[in-house]
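J.: Before we start, here is the structure in question, set down as structure tokens.
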Amino acid sequence: MCGIVGILGSKPVATDLVDALRRLEYRGYDSAGIATVENGHLERRRAEGKLRNLETRLLSEPLSGHTGIGHTRWATHGRPTERNAHPHMTAAVSVVHNGIIENFRELRTELSAKGHTFETDTDTEAVVHLVTDEMQRGAGPVDAVKAALGKLRGAFALGIIFAGEDDLMIAARQGSPLAIGHGRGEMYLGSDAIALAPFTDAITYLEEGDWAVMRRAGVNVFNRDGEAVTRPQIKSIASSLLVDKGNHRHFMAKEIHEQPEVISHTLANYLDMANARVTIPDLGVDLAKISRVTISACGTAYYAGLVGKYWIERYARLPVEIDVASEMRYREAPLPEGGLALFVSQSGETADTL
């Protein structure tokens, strides 16, 4: 659900990166940032909150690089602070990332033992140091990313740039969508074609397991086995759409495939992944004194309630009763003092739930 953009441009790209990120604001985010290749080295600007905060930062600390990546983040690992905002980087590598790296703890432990210093609470930083480690051992940028991808577990979309490489960007997709835009002497990267609509309507969608080496002259795509493959270039109509269904046949399929990421973002409000702890907010209710739970909902919200019933009964050992909202109004369900009632709304059934 986070937003990724990348540009191999013919002029300074900072303004265009921010404009592209603005087209992805519908996804929701809590921080934003961009990184560019500036005279051979990497520079970045990040800010908490809305894109206007990043724009204000760029006014006082402008970037002039012609190669850059940008990101709007919805926190999954680490609090929504500037320190945890993307892009993440070392002196050699800068990365933006959607998804979750499931084995980031093992990678952090392994890389820390080699002398790498981590500055954030994010899973993404493990990717940055993993690629950097491969390069420190003598690999070039392309080979370093290829080796790193083989060590990652989880779902991810990645955009990667390198110090000293003004004409190189590498993209990788596993689980999270990623689109490459083709321009005249320029190339673009986006988590949705809608982000690239102002620049190009010629789009190539990476397929599951693909990774791509992008240069201004074009792109070379490889599958998960490292074999060169050809992916079709299509004409996008994203500029006329509010949102884009990507390479899915329809929006229902897109919603289904986005569920793991949406669930991870929801749970991330309560999970401290870096420290493997759960934090429950103050609900104004003493959960230890609840005697019974009643859930009321309609449609797919009712199905969600059924899942909640199984979890609450299994883990909290509390009795749970669930009603279809349109039926509950006709019966006098006992709601005992000290009980908890949950009313779950889904668009279309809200009136019944009320």
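J.: Scan the stretch 154-176 and give yes if some residue there is over 30 Å from Arg22 (Cβ atoms), in contact with a strand residue (DSSP E or B) (Cβ under 7 Å, 6 or more places away or on another chain) and in contact (Cβ under 8 Å) with a residue 60 or more places away in the chain, otherwise no.
T.: no
Quick grid of which residues meet (1) among the small types (Gly, Ala, Ser); (2) surrounded by 17 or more Cβ atoms within 10 Å (Cβ to Cβ); (3) touching a Pro at 6+ places or on another chain (Cβ under 6 Å):
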site: Leu111; (1), (2), (3): no, yes, no
site: Thr132; (1), (2), (3): no, yes, no
site: Gln136; (1), (2), (3): no, no, no
site: Gly140; (1), (2), (3): yes, no, no
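J.: Going by what's in this entry, would Asn247 be described as surrounded by 17 or more Cβ atoms within 10 Å (Cβ to Cβ) and closer than 24 Å to Ser191 by Cβ?
T.: For Asn247, the condition - surrounded by 17 or more Cβ atoms within 10 Å (Cβ to Cβ) and closer than 24 Å to Ser191 by Cβ - is met.
J.: Just one of the numbered conditions (1) surrounded by 14 or more Cβ atoms within 10 Å (Cβ to Cβ); (2) outside the structural domain of Asp121 (by TED's automatic domain parsing); (3) of a type in the set (A, V, I, L, M, F, W, C) is not true of Val307; which one?
T.: The single condition Val307 does not satisfy is (1).
J.: Does Gly246 satisfy the condition of being part of a loop (DSSP other than H, G, I, E, B), in contact with a Ser or Thr (Cβ under 9 Å, 6 or more places away or on another chain) and at pLDDT 90 or above?
T.: It is false that Gly246 is part of a loop (DSSP other than H, G, I, E, B), in contact with a Ser or Thr (Cβ under 9 Å, 6 or more places away or on another chain) and at pLDDT 90 or above.
J.: Within the stretch 121-155, work out how many residues are modelled with pLDDT of 95 or more, of a type in the set (Val, Ile, Thr) and touching a His at 6+ places or on another chain (Cβ under 8 Å).
T.: Number of matching residues: 3.
J.: Among the candidates Asp192, Asp210, single out the residue that is in contact (Cβ under 8 Å) with a residue 60 or more places away in the chain and crowded, with 19+ Cβ neighbours inside 10 Å.
T.: Asp192
J.: Could you list, in sequence order, the residues of the stretch 256-304 that are surrounded by 13 or more Cβ atoms within 10 Å (Cβ to Cβ) and of a type in the set (Lys, Arg)?
T.: Within the stretch 256-304, just Arg292 meets the criteria.
J.: Here are some residues: Ala217, Ala197. Which one is over 30 Å from Asn275 (Cα atoms), in contact (Cβ under 8 Å) with a residue 60 or more places away in the chain and surrounded by fewer than 24 Cβ atoms within 10 Å (Cβ to Cβ)?
T.: Ala197
J.: Further question: Which fully enclosed helices (runs of 4 or more DSSP H) of the stretch 282-354 have 2 or more residues being under 23 Å from Gln259 (Cβ atoms), at pLDDT 90 or above and within 33 Å of the chain's Cα centre (by Cα)?
T.: 299-311
J.: Taking the stretch 144-189 as the search range and keeping residues that are aliphatic (A, V, I, L, M) and under 20 Å from Pro260 (Cβ atoms), which one is surrounded by the fewest Cβ atoms within 10 Å (Cβ to Cβ)?
T.: Ala155
The values are calculated or read from the model by the stated rules, or taken from the named source; none is laboratory data. Keep in mind it's a predicted model, so treat the numbers as computed, not measured. Note that we place each Cβ from the backbone using ideal geometry, even for glycine, and neighbour counts take in every protein chain shown.
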